[in-house]
Amino acid sequence: MSAVFRVPPTTTGNSEGHVDYRLARASMLASYRRGVLDLSEVCDAHPELVRAAREVGRRIQGDCPICQRVRLVQVTYVFGPRLPKHGRCISLRGELARLAKRPGTHVAFVVEVCQACSWNHLVRRSTLERPGAPGPAETAAEEPNG
Ligand SMILES: [Zn+2]
């Protein structure tokens with residue numbers, strides 16, 4: 001996977017399903033405040049990511065933790081079969097739901113971005129659930145209940 005955002009290593013959670021990166025984010029901010037990390041190391045958003053933030057970013061609660069000048073936005077990228085190697089940037093309402101219906105596993109990455117100072121961090125990743133599709137372990141015939 002080649003992405004326009006950083007994927008921090010996770011110590012908790014499995015690779016499937018839902019992974020929350022709040023701890024990694026907090027520790028990165030703490031390192032920056034202690035002077036361990038340089039501004040250029042935390043505010044290093046890829047130009048493509050900044051462009052996506054400007055064009056399709058969804059405003060969220062909270063100001064940028066670095067510059068405190070502007071509201072943060074979130075951008076969602078989906079990786080999966082027949083999608084671009086750098087992921088599909090979700091720009092349309094309902095696009096996620098449509099991708100979830102496709103065969104294969106699709107993983108969504110939500111990234112927060114500051115357009116003013118280029119702060120960026122992965123918020124969470126989650127595997128898209130196929131609506132109505134049986135889980136891999138539930139291929140056996142349904143048993144009528146009651
Ligand atoms: Zn900022």
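Toward the positive end of the charge dipole of segment 18-127, about the Cα centre and with charges on Cβ (Lys, Arg +1; Asp, Glu -1), which of T105, L72, V42 goes farthest?
T105
Once the Cα gyration tensor of segment 18-127 is found, what semi-axes does its equivalent ellipsoid get, as square roots of 5 times the eigenvalues, in whole Å, sorted largest first?
27, 15, 12
Place a +1 charge on the Cβ of each Lys and Arg in segment 18-127 and a -1 charge on the Cβ of each Asp and Glu, then give the dipole magnitude about the Cα centre in debye, rounded to the nearest 20.
With only Lys, Arg, Asp and Glu charged at Cβ, the dipole is about 500 debye.
Which whole-Hz couplings ³J(HN,Hα) result when phi for each residue of segment 34-42 is put into the Karplus expression 6.51 cos²θ - 1.76 cosθ + 1.60, θ = phi - 60°, listed in order with x for Gly and Pro?
Each residue's phi maps through the Karplus curve to give 7, x, 6, 9, 8, 3, 5, 8, 9 Hz.
Determine the gain in length on full extension of the stretch I60-D44; use 0.36 nm per residue of separation and subtract their C-alpha separation, reporting nm with one decimal.
Using 0.36 nm per residue and subtracting the Cα-Cα distance, I get 3.8 nm.
Show me 86-92, 106-112 ranked by packing, highest mean number of other Cβ atoms within 10 Å first.
Packing order, densest peptide first, comes out as 106-112, 86-92.
Using a basic spin-label model with each label point 7 Å from the Cα along Cα→Cβ, how many nm lie between Q68 and A26?
2.0 nm
Rule-based calculations on the coordinates, nothing more; no lab input. The structure presented is a predicted model; accordingly, all values stated were derived computationally and were not measured. We place every Cβ from the backbone using ideal geometry, glycine too, and count neighbours over all the protein chains shown.
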